Amino acid sequence: MTGLAILTASEIRRAEEAAISLGTDASTLMDRAGRGAAEAIRLFAGPVPALVLCGPGNNGGDGYVIARALREAGVAARVAALGEPKTQAALAARQTWDSPIEDFKDAEPAHLIVDALFGTGLTRSFDEAVARKLGELAAAARVTVAVDVPSGVSTDDGALLSPVPRFDLTVTFAAMKPCHLLQPAASVMGRIVVADIGVAAEGLLTQVARPRLRTPGPADHKYSRGYVAVLAGEMPGAAALTAGAALRSGAGYVRLVGKGSFSNLPSAVVVDAAEPTAVLADTRIGAAAVGPGLGRGAAARTLLEIALVSDTPLILDADALTLAAEEGPALFLRARHCPVLTPHAGEFSRLFGSLSGSKVEQARQAAEASGSVVVYKGADTVIAAPDGRAAVAASTGHWLAPRARATCSPA
């Protein structure tokens, strides 16, 4: 499930410095970035008139290269600058642009707006007038593109430091950054393209990719392909959904353990009213899911205790996490196999308290503290292992969000 690398602002700087130490100068990297972005922009938007907004840093330097490359490809490109370049590479890039440079505050709209004002590493909000002007230009454009990250976005935690317009396309370089997938910043990115600029991108954080399931061989059978047990509690519907999802995810055998009435189950799910202790004694089980629809009463606590003292690897979710939060760290000490924990934000807070840092950093702290793999769910889902590895899942359909409680006023 390991996909593209995700690098923080400091990690991408170190990767670029490593490339420079091996003989690739900063201007070459900037030229590669600008030309790669220009190609992506041209393919996405077509040969429409463009206004490239250039800031004073290296992000602005990329913008000058983008404008030049677009013009060379036959695009009518203009440049509006927010001050003079402050780095040598950006200054060199600006000197290659031999057409007029407009003042950002006076720039007129264009069909295509390219935001190269502030890129990776922004740590504070910028001038309100600048944010307002960027918003106006973006609103007037037919197509909006951000270079590396949209201006106003915090690279490492996905916070919005200033008002940020929604973009149709974001072109980043070498690797994705946490903000491309973490909310709320991920909601303004649009389509994301990663341009290769010849910088090695390696780290402990990656994007969750589509899992590659092993193709069954002639010796495989239902147990070797994955045997999952789902323990049902007070609300059997949630357990039934879990069992169906396990089957669709590739499990060879799914056993739904409980005495409730189950409906809308795939026919391949085996429903078993046996005692959970006896079921979990089956050493062929690869994982048991406990929590969806479990309840919080005495029977639920007993069922959770049976699971915890078994030798079966566990996935704890929903009510199991709420009950676990009441017991604290002692619960994990009793578990013979460190479980997988799948909390949403409320459950996470109850389990681990208030942790500092980005969602990725919080998930890593929780994984280390619990000795478990933590799936920190939400519009952005982070999966962290106790050894520091982590992955971020791209936002999926928002129809999966809980339905708000409706309120009606008397007519």
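The values are calculated or read from the model by the stated rules, or taken from the named source; none is laboratory data. Quantities reported herein were computed from a predicted structural model and do not represent experimental measurements. Here the Cβ is made from the backbone with ideal geometry for all residues, glycine too, and neighbour counts use every protein chain on show. Accessible surface is based on the protein model in full, side chains and every heavy atom, while ligands, DNA and RNA are left aside. Shrake-Rupley method; radii C 1.70, N 1.55, O 1.52, S 1.80 Å.
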Go ahead and set up a Gaussian network model of the chain, Cα springs under 10 Å, then flag whichever of D272, D387, D106 fluctuates most. D106
Mind checking the full-extension length gain between E128 and Q95? Use 0.36 nm per residue of separation minus the Cα-Cα distance, one decimal, nm. 9.0 nm
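Given a 1.4 Å probe and heavy atoms of the protein chains only, how would you sort K105, K359, largest accessible area at the top? Each step should come with its number before you reach the end.
Numbers: K105 130, K359 35 Å².
Per-residue accessible area, sorted high to low, gives K105, K359.
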Could you tell me how far the Cα centroid of region 285-313 sits from the Cα centroid of region 109-181, in Å? 46 Å
Determine which aspartates and glutamates satisfy two conditions relative to K222: a Cα distance under 16 Å, and not lying fewer than 8 residues away in the same chain. D282
For the chain, longest principal axis from Cα atoms; helix 26-45 axis from its Cα atoms; angle between them, nearest 10 degrees, is 80 degrees
Cross-link reach list, aspartates and glutamates versus K359, counting only Cα pairs under 12 Å and skipping chain neighbours closer than eight places: D156, D157, D380
If DNA, RNA and ligands are ignored and the probe is 1.4 Å, what is the ranking of D31, D319 by accessible area, most exposed first? D31, D319
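Order these peptides, 253-260, 273-280, by their mean beta-carbon neighbour count within 10 angstrom, highest first. Working shown, then result.
Numbers: 253-260: 20.9, 273-280: 14.1.
The densest-packed peptide leads the list: 253-260, 273-280.
Mean residue ellipticity at 222 nm from the helices of the chain, using -39,500 (n - 2.57) per DSSP H segment of n ≥ 4 over the full residue count, to the nearest 500 deg cm²/dmol?
Details: 12 runs with 132 residues, N = 411.
Rounded to the nearest 500, it is -9500 deg cm²/dmol.
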Using bins 10 angstrom wide from zero, how does P(r) for region 116-215 break down, in % of all Cα pairs? 15, 46, 27, 9, 2, 0
Taking the highest mean first, how do the peptides 86-94, 281-289, 153-161, 216-224 order by number of other beta carbon atoms within 10 angstrom per residue? 153-161, 86-94, 281-289, 216-224
Ordering 187-194, 225-232, 262-269, 171-178 by per-residue average of other C-beta atoms within 10 angstrom, highest first, gives 171-178, 225-232, 187-194, 262-269
Rounded tilt (10° steps) of 128-140 against the dominant C-alpha axis of the chain: 90 degrees
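If Lys and Arg each add +1 and Asp and Glu each add -1, what is the summed charge of the other residues whose beta carbon sits under 10 Å from the beta carbon of P109? Walk me through the numbers before you get to the answer.
Values: positive: R142; negative: E108, E136.
Summing Lys/Arg as +1 and Asp/Glu as -1 gives -1.
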Angle, helix 58-72 long axis vs. longest principal axis of the chain, Cα atoms, 0 to 90°, nearest 10? 70 degrees
Residue with peak Gaussian network fluctuation, the chain [Cα springs, cutoff 10 Å], from A69, A345, A384: A345
How many nm separate the modelled label positions at D220 and S267, each set 7 Å beyond the Cα in the direction of the Cβ? 2.2 nm
